[in-house]
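S.K.: To start, I am sharing the structure in question, which I have written as structure tokens.
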Amino acid sequence: MAHERIVFPMPASCEVVFDVFHYHQWRARWDSLVSHTEVDGGAPCPSVGAVSASTGGGLLRALSMRTEFISYQRPRLAAARMVGTSFPFSKWAASMKHESAPGGGSLLIYTYNIEAGPRVLRWLVEPVVHLVFRRQTVKRFARMHAFLSAHAGEVEAWQRDFHGAGAIDTQ
């Protein structure tokens with residue numbers, strides 16, 4: 001099983017970074033790894049126990065995955081695990097922790113575990129899958145950083161209207 005923890009400095013607060021990732025209206029504007037994400041039942045963002053269906057983006061468009069959120073604590077932590085399997089993954093789980101950064105902005109701490117299959121070829125397939133997944137993850141969060149650099153103010157204005165109106169329960 002491949003395991004990694006990567007820290008990404010972000011040019012916005014934990015609240016902004018959390019929402020830009022988890023609210024699909026924002027994620028669709030920057031995410032290079034996923035072309036479409038939808039929470040079962042049509043919610044605008046996940047919650048504990050929610051299941052999301054995601055379709056890969058770009059060269060990974062053929063990949064699709066269903067994930068269940070096991071933690072969703074806006075704006076500090078979200079964690080999910082794969083439901084079923086999705087080739088090349090036999091197991092997938094990830095968490096995103098958000099911490100305020102000294103001097104402004106925040107840190108996104110992304111931790112993941114992946115297991116590639118089929119089992120008899122894991123020794124061969126898993127290092128390649130891990131390499132591609134890591135590379136795409138770094139690319140993905142670089143795009144998120146660029147989006148936040150240009151649009152954090154827009155997200156903050158949306159948050160004042162959306163969260164300020166009591167539109168969601170964050171627990």
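S.K.: Just for the range 74-93: of the residues that are over 18 Å from Gly117 (Cα atoms) and either touching a Phe, Trp or Tyr at 6+ places or on another chain (Cβ under 8 Å) or of a type in the set (Phe, Trp, Tyr) (or both), which one is surrounded by the fewest Cβ atoms within 10 Å (Cβ to Cβ)?
M.R.: Arg76
S.K.: Quick one: which residue in Ser52, Ser71, Ser32 is under 14 Å from the mean Cα position of the chain (by Cα), farther than 26 Å from Gly105 by Cα and either surrounded by fewer than 15 Cβ atoms within 10 Å (Cβ to Cβ) or hydroxyl-bearing (Ser, Thr, Tyr) (or both)? Steps first, answer last, please.
M.R.: On the way: Ser71 fails: farther than 26 Å from Gly105 by Cα; Ser32 fails: farther than 26 Å from Gly105 by Cα.
Residue meeting the stated conditions: Ser52.
S.K.: Just one of the numbered conditions (1) aromatic (Phe, Trp, Tyr); (2) in contact (Cβ under 8 Å) with a residue 40 or more places away in the chain; (3) touching a strand residue (DSSP E or B) at 6+ places or on another chain (Cβ under 8 Å) is not true of Trp92; which one?
M.R.: Failed condition: (2).
S.K.: Looking at the range 67-76, can you tell me whether even one residue there is touching a residue at least 12 places away in the same chain (Cβ under 8 Å), acidic (Asp, Glu) and out of contact with any Leu (no Cβ under 9 Å at 6 or more places or on another chain)? Give the derivation first.
M.R.: Step one: list which residues in the range 67-76 are touching a residue at least 12 places away in the same chain (Cβ under 8 Å), which gives 67-76.
Then drop every residue that is not acidic (Asp, Glu), which leaves 68.
Pick out the ones that are also out of contact with any Leu (no Cβ under 9 Å at 6 or more places or on another chain) and you get 68.
For the range 67-76, residues touching a residue at least 12 places away in the same chain (Cβ under 8 Å), acidic (Asp, Glu) and out of contact with any Leu (no Cβ under 9 Å at 6 or more places or on another chain): present.
S.K.: Kindly indicate the residue of the range 123-171 that is open to solvent by 70 Å² or more (accessible area, probe 1.4 Å) and polar (S, T, N, Q) and also modelled with the highest pLDDT among those meeting that condition.
M.R.: The extreme case among them is Ser149.
S.K.: Restricting attention to the range 95-122, report how many residues are in contact (Cβ under 8 Å) with a residue 24 or more places away in the chain, of a type in the set (A, V, I, L, M) and surrounded by fewer than 18 Cβ atoms within 10 Å (Cβ to Cβ).
M.R.: Residues that pass the stated criteria total 3.
S.K.: Looking at Thr111, Thr85 in this structure, which one is closer than 14 Å to Phe8 by Cα and polar (S, T, N, Q)?
M.R.: Details: Thr85 fails: closer than 14 Å to Phe8 by Cα.
Criteria check complete, one pass: Thr111.
S.K.: When you scan the range 35-49, how many residues do you find that are open to solvent by 80 Å² or more (accessible area, probe 1.4 Å) and aliphatic (A, V, I, L, M)?
M.R.: 1
The values are calculated or read from the model by the stated rules, or taken from the named source; none is laboratory data. Computed from a predicted structure; not experimentally measured. Neighbour counts run over all protein chains shown; Cβ positions are idealised from the backbone, glycine included. Side chains are part of the model used for accessible areas, which takes the heavy atoms of the whole protein and leaves out ligands, DNA and RNA. Shrake-Rupley method; radii C 1.70, N 1.55, O 1.52, S 1.80 Å.
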